[in-house]
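Here the structure is laid out as structure tokens; the discussion comes afterwards.
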Amino acid sequence: MKIERIEIAPLNLIPQVALTVAYGSYPELEYVLIKLHTDSGIIGLGEASPDPAVTGETQASTIDALERLTPALIGRDPFDIEAIIREVERIAPDHPGAEAAIDMALYDLMGKQLNMPVHKLIGGKARSTVDLYPVVPMDAPPVMAAMARQFTEQGFRALKIKLGSDPEIDIERVKAITEAVGGDIVLRPDINQGWSDAETTIAAIERLAPYNIEYIEQPTAASDLDALAKVTAAVDLPIMADESCHRPADALEIVMRGAADILNIKLMKCGGIYRALQIAAIGEAAGVPCILGSMGESSIGSAAALHLMAARPSIIACELIGPLFLSGDPATGFEVDMSTGQAIIPEAPGLGVSLR
Ligand code: MG
């Protein structure tokens, strides 16, 4: 099987609720859809959901990178993924989103050619259920409390909550949410670097002690591993590295410095499934669990991540909720059992998704 041509197209989606986090708001999502056409007639699907605030990529720069990468892909056998990924990173080293789109399309092609789902190519089905948990965007405390309540009424038992402004208001948000949903619901605050320094963060975390919080995600600046390490050493609550942890080398540095207790893997930060497997391996070897985050990908990117989740039990949680809140999802095949809040691992060949 050889790649013959690549279709690259913008994919603009509207979230049902504007996603607001500490560093910005996302009323419209500008993604990129790719199709790798092969000489055997099989088509591999891939998606990039670039986030300029996290990787510096935009829809335009992703399309540009994919166009620059095209000559290196034509004529290649998708099974030569090690060589292809190296070539992609040589030509476009700062485009993990574009790389992830190519990576998942390669896995889609391999699976379709072998007539098996992607998780069978990367270790098999090591778990049969995958719990999802929704995200409450940053807003005024009563607005967040009402949305949190809605989610728990749907049956979700854990909530990611977006914080990261003035800690005073953030604590009000946690209090309002807890009052609305009860103390049994697990809260996973994502600070998105908003508490900036270690001292502010440590003081804020001490004040969160009365609440049912499982871990704190990326409280301090992405580039300041010293601050993250200081917080991790000072508090009992586990600290997660997200914006500080992009590529496998970042994961290695974080675990070696003890800068976080948990690593957040995202396909759009690390360059796709191939590199994500390496981060999971680093975490597992270091005794540091991973979670699988998302940048709100549609069913294509979310299915890619779901196969990874199925194959790696050391990834303890995932947030593949893009398909639940996007209007205009281009694909089907990412199914959620809303009675349990669990994603259903696709069994169809490749990523297991089809364009509508
Ligand atoms: Mg995060």
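Structural remarks
- Pairs, first over 15 Å from Glu57 (Cβ atoms) and assigned to a loop (DSSP other than H, G, I, E, B) in region 15-34, second more than 16 Å from the ligand (Cβ to nearest atom) and open to solvent by 60 Å² or more (accessible area, probe 1.4 Å), C-beta under 7 Å, six or more apart: Ala18/Pro27; Glu28/Asn12; Glu28/Ile14
- Answer residue from region 295-328, given it is over 24 Å from Leu187 (Cα atoms) and modelled with pLDDT under 95 and is surrounded by the fewest Cβ atoms within 10 Å (Cβ to Cβ) among those: Ser327
- Whichever residue in region 1-39 is hydroxyl-bearing (Ser, Thr, Tyr) and surrounded by 12 or more Cβ atoms within 10 Å (Cβ to Cβ) and, among such residues, is nearest to the ligand (Cβ to nearest atom): Tyr23
- Against the conditions (1) touching a residue at least 40 places away in the same chain (Cβ under 8 Å); (2) within 16 Å of the ligand (Cβ to nearest atom), Ala305 satisfies every one except (1).
- Count of region 141-184 residues which are farther than 27 Å from Gln342 by Cβ and in contact (Cβ under 8 Å) with a residue 12 or more places away in the chain: 13
- Residues of region 138-185 that turn out to be assigned to a loop (DSSP other than H, G, I, E, B), of a type outside the set (D, E, K, R) and open to solvent by 20 Å² or more (accessible area, probe 1.4 Å), as a count: 6
This table checks each residue for (1) among the hydrophobic types (A, V, I, L, M, F, W, C); (2) open to solvent by 10 Å² or more (accessible area, probe 1.4 Å).
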site: Trp195; (1), (2): yes, no
site: Ala198; (1), (2): yes, no
site: Ile213; (1), (2): yes, yes
site: Thr220; (1), (2): no, no
site: Asp224; (1), (2): no, yes
site: Ala233; (1), (2): yes, yes
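- Any hit, region 199-207, residues being acidic (Asp, Glu) and away from the ligand (no atom under 16 Å from the Cβ): yes
- Condition met for Ala251 (touching a helix residue (DSSP H, G or I) at 6+ places or on another chain (Cβ under 9 Å), assigned to a loop (DSSP other than H, G, I, E, B) and open to solvent by less than 10 Å² (accessible area, probe 1.4 Å)): no
- When Ile273, Ile239, Ile265 are screened for being under 25 Å from Ser165 (Cα atoms) and touching a Phe, Trp or Tyr at 6+ places or on another chain (Cβ under 8 Å), only Ile239 passes.
- Annotation note: Cβ proximity below 7 Å between a residue of region 218-234 that is on the phi > 0 side of the Ramachandran plot and within 15 Å of the ligand (Cβ to nearest atom) and a residue that is modelled with pLDDT of 95 or more and not hydroxyl-bearing (Ser, Thr, Tyr) (sequence gap 6+ or interchain) occurs for Gln218/Asp190; Gln218/Ile191; Gln218/Asn192; Gln218/Gln193; Gln218/Met240; Gln218/Ala241; Gln218/Asp242; Gln218/Glu243.
The values are calculated or read from the model by the stated rules, or taken from the named source; none is laboratory data. Every value quoted in this text rests on a predicted model; they were computed, and no experiment measured them. Virtual Cβ from ideal backbone geometry, glycine too; neighbours counted across all protein chains shown. Each accessible area value is taken on the protein alone, full model and side chains, heavy atoms only, with ligands, DNA and RNA left out. Shrake-Rupley method; radii C 1.70, N 1.55, O 1.52, S 1.80 Å.
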